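Remarks on the structure that follows.
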Amino acid sequence: MEDYLWVLKRSELDLIREIEPERMAELDEDELLALHKRVRKARNKHVSNYRRKGAKRVAEAGGRGAARPGNKKSLLRAEAFEEALARVSDRLAEVAHQEAEALKQERLARAQRGRSTGPASMNSTDGGVGGPGLQRSHQKTTGGVKRDASSRAQGAKRQAKRDGR
């Protein structure tokens, strides 16, 4: 990374200084996302400048191989921001994983205490549920509430007919 610093301008150096490990350690996930966005934007700018200048020089030099040496500074700038973006991405991935694990542990602890993050209506016991996290009791069904009611009514009708004899 230090090999590229001599080609960068002051504003670009300021952005590169923000990705030092000590500074990135102080940033939370949202701040890292903002830094990632800025570094990615700078990388895209320098890569497109490198390609654009290289394309112009191809016509002048008569070939891509002959045009490449004259575009060295643009290449170094693009590589500097490519490496910077990789470092920020790695740190962002670490922080995002830590945040996800913390959230998972919080949800598990809440579920063990019997307080789920789900809808409040799940706490009522009228639907066959004993509480959050408990499985509903099985009810024998043939495929629908109306069909079950009709079947029960027919059975009651047959029984009444037998009883009337």
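Only one of the listed residues (102, 67, 78) is surrounded by 18 or more Cβ atoms within 10 Å (Cβ to Cβ) and more than 26 Å from residue 11 (Cβ to Cβ). That residue is 67. Filtering 85, 134, 103, 108 for residues that are more than 30 Å from residue 18 (Cβ to Cβ) and either at pLDDT 75 or above or assigned to a helix (DSSP H, G or I) (or both) leaves a single hit, 108.
Among the residues that make up the stretch 24-37, is at least one of them touching a Phe, Trp or Tyr at 6+ places or on another chain (Cβ under 9 Å) and surrounded by 11 or more Cβ atoms within 10 Å (Cβ to Cβ)? Looking through the stretch 24-37, none of the residues is touching a Phe, Trp or Tyr at 6+ places or on another chain (Cβ under 9 Å) and surrounded by 11 or more Cβ atoms within 10 Å (Cβ to Cβ).
The residues of the stretch 38-52 that are closer than 25 Å to residue 97 by Cβ and either crowded, with 16+ Cβ neighbours inside 10 Å or touching a helix residue (DSSP H, G or I) at 6+ places or on another chain (Cβ under 8 Å) (or both), listed by number, are 38, 39, 40, 43.
Can you tell me how many residues within the stretch 9-42 are among the acidic types (Asp, Glu) and in contact (Cβ under 8 Å) with a residue 40 or more places away in the chain? So the count comes out to 3.
The values are calculated or read from the model by the stated rules, or taken from the named source; none is laboratory data. The structure displayed is predicted, hence computed values, not measured ones. Glycine also receives a Cβ, built like all others from the backbone with ideal geometry; neighbour counts cover every protein chain displayed.
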